[in-house]
Amino acid sequence: MRILAIESTCDETGAAVVEGGRGVLSNVVASQVELHAKYRGVVPEIASRAHIENILPVVREACATAGVELRDVDAVAVAHRPGLIGSLLVGVTAAKSLAWASGKPLIGVDHVHAHLYSVMLGDVAKPQAAVPAFPAVGLVCSGGHTALYELRDWLDVRLIGSTIDDAVGEAYDKVAALLGLGYPGGPIVDRLAAKGDPRAVEFPRSLLGKESLDFSFSGLKTAVLYRVYGVPGRGARPSTAGGPPKISEQELADVAASFQAACVDVIVRKLRRAAKVVGARSVIVGGGVSANRGLREAMKGFGLPVLVPGLEYCTDNAAMSGGLAHVYAERGIVSELDLDAVPYSQFVAGV
C-alpha cells in the first residue's frame with residue numbers, strides 16, 4: 001500500500017509517499033526557519049501564509065521523487081491534530097481536496113503519535129530493522145511537546161505525563177536566545193555543549209515529586225538567566241550592546257553543557273519512572289529533540305531496547321504520518337471528508 005501524506009502542523013510544509021508503512025519513497029520538507037529566525041520563534045500568521053505558498057509545490061515534488069501520480073496511491077493521509085490552527089487548515093484542506101478529487105480514502109492521524117511511529121521508517125530498499133516490543137513507554141520531545149505515553153500497540157496510546165510549562169525544545173530555544181546563539185536553538189546548544197563541561201554549573205533538576213511523570217523546564221531556564229545575567233538585586237554583569245553579558249567562550253560552552261545535562265538527566269529519570277509504571281519492554285523516543293546528541297548518548301545505558309528515528313525523521317515531516325496511516329488503513333479506519341483540524345487548545349482540553 002502506498003500512501004501520500006501531508007504535514008503542516010506548525011512551520012514545516014511536508015509531503016511524502018510511504019510504501020508498506022515503513023519504506024519511504026519520498027519525504028519533502030519546505031522549511032520556514034529563515035522566516036521565523038528574527039522573531040526567535042514561530043509566528044502563526046507567517047507560518048500559515050507560507051504553507052499556502054508551499055503546499056502544492058511540495059506535494060508535486062514528493063510525487064515526482066517517488067515516481068508516482070495521484071492515481072497510483074492508495075490513500076491520502078494528513079496530520080490533523082494538534083497544531084497551529086491556521087497551519088493545520090492548509091494541510092487538512094489540501095488533503096481533503098486531493099482525496100475527494102481522486103476518490104481515494106482520507107486518513108487523519110495524530111501528529112504526536114506519528115512522532116512515535118517515526119522509529120519505524122527507513123529507505124524503501126532498507127527499512128528500519130528494529131520493531132518495538134509492547135508494552136512500550138514513549139517520549140515525544142520537541143519545541144511544542146514533552147510528553148510520556150504508554151503504548152500497548154500503535155493505536156493504543158495513552159498519555160501518562162506532560163510538561164506543565166515549557167516544552168524541552170522551547171527551553172532550548174529560549175536559552176539559546178539568552179546566550180545570543182541564534183534560532184533554532186536546539187542544534188546550536190547541542191553543538192556548543194560538546195565543547196563544555198556538563199558539571200561546571202549545578203543547574204536545578206525539577207522532578208515534581210517522587211512519582212510524578214510530568215515535566216517542568218521553566219525554572220531551569222530561569223537558572224540559566226541568573227547565571228549569565230546575574231541575580232536581580234545582587235548585581236548584574238555588564239551587557240554588551242544588544243546582547244547578553246560578555247562571557248568567555250569556555251564559560252558559554254560550560255553553561256550550554258550544564259544546561260543540556262540538566263535537561264537530559266530529568267528526561268532519563270522520568271523515562272525510568274514511566275518504564276517501571278508501564279512495565280515497558282522497550283522505549284520509543286521521537287520528536288525534534290530526539291536528534292540531540294546528549295540525549296542519544298544518555299539513552300545508550302538505559303537497560304531496555306531504545307528506539308530513536310533516523311535524523312531525517314526527528315523533526316516534523318509527512319513520512320511519519322504516512323507510516324502511521326498504514327496501520328489505520330490495515331484496520332479499516334478511515335476519515336470522512338468533514339475531518340476537522342484540531343488546534344493545541346482543543347487538544348490539550350481533550351475536546
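Some observations on this one:
- Calculated FRET efficiency for the pair residue 229/residue 197, C-beta based, R₀ 35 Å, to 0.05: 0.95
- From most to least packed by mean Cβ count within 10 Å, the peptides 62-70, 321-329 give 321-329, 62-70.
- Taking the protein heavy atoms of the chain in the context of the full set of protein chains, the accessible area attributed to carbon and sulfur is 53 percent at 1.4 Å.
- For the pair residue 102 and residue 249, the difference between a 0.36 nm per residue extended length and the Cα-Cα distance amounts to 47.2 nm.
- Cα pair distances exceeding 21 angstrom across segment 151-230, given as percent: 39
- Normalised contact order of the chain, rounded percent, pairs of Cα under 8 Å and 6 or more residues apart: 26
- Each of the peptides 98-111, 306-319 was scored by the mean count of other Cβ atoms within 10 Å over its residues; in descending order, highest first, they stand as 306-319, 98-111.
- Length added when fully stretched, residue 312-residue 56, from 0.36 nm per residue minus Cα-Cα: 90.0 nm
- DSSP-defined beta bridges in the chain - what % are antiparallel, rounded to 5: 60
- The percentage of C-alpha pairs in segment 107-188 whose separation is greater than 22 Å is 41%.
- Lysine-lysine proximity count for the chain, Cα under 17 Å, sequence distance 8 or more or distinct chains: 6
- Segment 37-168: C-alpha gyration tensor shape, a/c 1.5 cut-off, then a/b vs b/c: oblate
- A Cβ-based charge dipole, computed about the Cα centre of the chain with Lys and Arg at +1 and Asp and Glu at -1, lands at about 1080 debye.
- The modelled label-to-label distance between residue 159 and residue 333, using points 7 Å beyond Cα along the C-beta direction, is 1.7 nm.
- Calculated [222 nm] ellipticity per residue, helices only, for the chain: -12500 deg cm²/dmol; basis is -39500 (n - 2.57) per DSSP H run with n ≥ 4, divided by all residues, nearest 500.
- Relative pair counts by distance (%), Cα atoms of segment 264-351, 5 Å bins: 3, 11, 15, 16, 18, 18, 11, 5, 2, 0
- The local environment of residue 134, defined by Cβ-Cβ distances under 15 Å, has a net charge of 0 under the rule Lys, Arg +1 and Asp, Glu -1.
- Spin-label pair residue 38-residue 211: with each label point 7 Å from Cα along the Cα-Cβ axis, the two points sit 5.2 nm from one another.
- Accessible surface for segment 18-59, divided over its residues, is 52 Å² per residue with a 1.4 Å probe.
- Residue-wise HN-Hα coupling along segment 99-109, computed from phi with Karplus coefficients 6.51, -1.76, 1.60 (Hz; x: Gly, Pro): 5, 5, 5, 9, x, 8, x, 9, 10, x, 10
The values are calculated or read from the model by the stated rules, or taken from the named source; none is laboratory data. Keep in mind that what you see is a predicted model, and the values were worked out from it rather than measured. Neighbour counts are summed over all protein chains in view; Cβ atoms, including those assigned to glycine, are modelled from backbone coordinates with ideal geometry. What goes into the accessible areas is simple: the full protein's heavy atoms, side chains included, and nothing from ligands, DNA or RNA. Shrake-Rupley method; radii C 1.70, N 1.55, O 1.52, S 1.80 Å.
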